[in-house]
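The next block holds one structure in the form of structure tokens; read it before the comments.
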Amino acid sequence: MPREIAPDAPRERQTIRLPESKLSALRGWALDGSGLVAAARVRDPDGRIALVRNGWSDGWILPGGAVGSDEEPVEAARREVREETALDAVVEGPIVVFDQSYVAKADGGERFTAQYVVYAARADGEIPDASRLGATDGEIEAARWFESIPEDLHDGDLLRAYL
């Protein structure tokens, strides 16, 4: 079971239905690793929000990623923002925690659980071309500032209220 993060932050439940092959790829992270993802809602002084697009999401997402076993979630959020946007963010408090259940599409059975914490953060500056972003080549397909939340926000039904 993942460690409890931000016990005073609002909590939401999320069910993620995936094919068994994708669940297998994530099983080590969830069971042997931290089972935790940290992301940041990064706003600039003008109120814009920084979002990224990668190869696995079906829309724009918050910069974020897996927390290492020996890493604090707030540090992981700061690191991920830097890797995915090149912004040096000041990460503040958590704004929501999603308690996630990973379920097999085929039989509906829960395979493991995890947590996804979203922090408030602030930064300013230019976001470079996507070819200069990400921990690995091609990880980030696009990154930019938005004046308002785009319609094609990945998990928008859950996240929109907190952004």
Carbon and sulfur together cover what percent of the accessible area of region 40-81 at a 1.4 Å probe radius?
45 percent
At 222 nm, what helix-only mean residue ellipticity would the chain give, in deg cm²/dmol to the nearest 500, using -39500 (n - 2.57) for each DSSP H run of four or more?
-5000 deg cm²/dmol
Around Glu110, under 14 Å between beta carbons, what's the net of Lys plus Arg minus Asp minus Glu among the other residues?
+2
Can you give me the angle between helix 20-31 and the longest principal axis of the chain, using Cα atoms only, in degrees from 0 to 90, rounded to the nearest 10?
80 degrees
Give me the one-decimal nm value for the distance between modelled label points at Ser131 and Arg11, 7 Å along each residue's Cα-to-Cβ direction.
4.6 nm
Output the 0 to 90 degree angle, nearest 10, between the alpha-carbon long axis of helix 73-85 and the longest principal axis computed from the alpha carbons of the chain.
60 degrees
Inter-site label distance for Lys105 and Trp56 at 7 Å from Cα along Cβ, in nm
1.5 nm
Zone of Arg122's modelled label, taken as backbone nitrogen in region 30-58 under 19 Å from a point 7 Å along Cα→Cβ
40-51
Counting only DSSP loop positions in region 1-82, the chymotrypsin sites (Phe, Trp or Tyr not before Pro) whose Cβ has at most 15 other Cβ atoms within 10 Å are Trp56
Rounded to the nearest 10 Å², what accessible area does Arg41 have for a 1.4 Å probe in the complete protein model?
50 Å²
Provide the solvent-accessible area of Ser131, counting protein heavy atoms only and rolling a 1.4 Å probe, rounded to the nearest 10 Å².
100 Å²
Can you work out the FRET efficiency for the pair Ile149 and Glu92, with r the C-beta to C-beta distance and R0 = 25 Å, to the nearest 0.05?
0.85
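The values are calculated or read from the model by the stated rules, or taken from the named source; none is laboratory data. Quick caveat, the model's predicted, so the values are computed rather than measured. Positions of Cβ are backbone-derived with ideal geometry, glycine not excepted, and every protein chain shown enters the neighbour counts. Keep in mind that these areas ignore ligands, DNA and RNA; they rest on the heavy atoms of the full protein, side chains included. Shrake-Rupley method; radii C 1.70, N 1.55, O 1.52, S 1.80 Å.
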